[in-house]
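Everything below concerns the one structure shown next.
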Amino acid sequence: MSLQLLFAVVILLAATIPSIHGEDDLRNNNNNYDNGNYALTSSTHKSLLIAAGCFWCAEQAYEQYAPGVIEVVSGYAGSGGIESPTYRNHPGHYEVILIEYDPNSTSYELLLQYAWRNLDPFDKYGQFCDRGFSYQSALFYANEEEKMIAEQVRSEVLDLHPDWDNESVVVPLLERPFFWRAEDYHQDYYIKNPWNYGYYKERCGRTKRLKKVWGEEQYNCYHDLELTCFNKTAVNEDGVSIEAVVNVKNAPEESGKVRGAPVWGIIVAVVFAVGVLCLLVVGFVTPCKKKSSIEEGKDESVVEKEAADLP
């Protein structure tokens with residue numbers, strides 16, 4: 001092997017070591033939770049991964065209403081998914097949210113309670129208006145302790161609803177896979193695009209369906225900035241009841257009113273209207289042109305005949 005080739009190999013190996021090390025750090029930092037390509041903002045924080053349909057809506061539900069939440073990140077996750085998924089290409093992945101939380105202010109158990117109240121437990125083909133595998137619901141655990149807690153919370157939910165058939169509740173409890181952060185466009189979508197987001201959420205029927213499944217009172221308890229049902233308190237992972245903190249991004253409260261179609265909807269409507277108008281114009285002009293040509297042909301024939309009759 002020449003010295004030049006050997007030198008090139010050494011340089012290539014040296015260049016790959018930092019990137020491999022960096023990925024390992026992201027996979028194994030912060031209490032050994034698999035946070036994927038997202039790094040928690042503090043080593044004392046923990047994270048939770050859930051799939052509850054459209055990640056825009058799940059992100060808003062946790063950032064606004066769940067206590068102790070520091071940040072929520074939209075992304076993709078699935079044990080059989082492809083590497084480096086994107087919104088346009090993520091087979092084998094759920095749309096998920098990674099919830100970064102302070103264990104001194106909330107707990108994995110409490111946040112799972114919020115997860116159940118933000119999904120339709122009977123829908124195995126998607127969630128609300130969204131269909132397909134990526135929109136199906138799932139709750140993830142990172143270790144045996146979390147698995148036991150997840151099973152306990154599921155049992156508690158079923159105990160509260162004795163009329164529910166155990167077999168009809170189709171939310172799986174799965175081992176937590178690697179998390180892939182979604183494109184920046186999808187992060188904080190409910191804050192950056194409130195009009196579009198509100199229109200989509202209302203038309204998708206998410207709130208209406210959740211109220212039907214869980215009841216108006218229970219829905220309101222888990223979507224209340226004042227945490228009235230919980231006396232403005234939350235129980236942390238040490239079992240201590242503390243004053244709850246929600247809505248860390250100070251997002252405006254939902255109005256529950258939709259002003260009308262979003263910008264993209266208006267653009268589509270305008271383009272469609274222009275297209276129809278063009279078809280009508282073309283359809284009107286073409287027969288006129290044909291009629292004019294025929295009449296011109298007739299006039300020429302009359303002139304020729306008259307010319308032939310002249311002495």
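Annotations for the structure displayed:
- Averaged per residue, region 53-203 has 41 square angstrom of accessible surface, using a 1.4 angstrom probe with ligands and nucleic acids left out.
- Calculated FRET efficiency for the pair residue 207/residue 181, C-beta based, R₀ 35 Å, to 0.05: 0.85
- Within region 92-112, backbone nitrogen closer than 18 Å to the virtual label 7 Å beyond the Cα of residue 173 toward Cβ: 107-112
- When the surface is traced with a 1.4 Å probe over the full set of protein chains, residue 180 keeps roughly 40 Å² accessible.
- For region 47-118, carbon and sulfur atoms together expose 45% of the accessible surface, with a 1.4 angstrom probe and every protein chain in place.
- Region 125-246: antiparallel DSSP beta bridges as a percent of all, rounded to 5: 60
- Model label points for residue 191 and residue 42, set 7 angstrom from Cα along the Cα-to-Cβ axis, are 1.8 nm apart.
- Taking 27 Å as the limit for the C-alpha separation, the pairs 212/232; 46/124; 124/192; 192/212 exceed it in the case of 46/124; 124/192; 192/212.
- Percent carbon-and-sulfur accessible area, region 121-205, ignoring ligands, DNA and RNA, probe 1.4 Å: 52
- Computed over neighbours whose Cβ is under 13 Å from that of residue 237, the net charge equals -4, Lys and Arg +1, Asp and Glu -1.
- Ligands, DNA and RNA left out, the 1.4 Å accessible surface of region 210-250 is 46% carbon and sulfur atoms.
The values are calculated or read from the model by the stated rules, or taken from the named source; none is laboratory data. Predicted, not measured: the structure shown is a model, and the values here were computed from it. Note: ideal-geometry Cβ built from the backbone for every residue, glycine included; neighbour counts use all protein chains shown. Just so you know, the surface numbers come from the protein's heavy atoms only, side chains and all, with ligands and any DNA or RNA stripped out. Shrake-Rupley method; radii C 1.70, N 1.55, O 1.52, S 1.80 Å.
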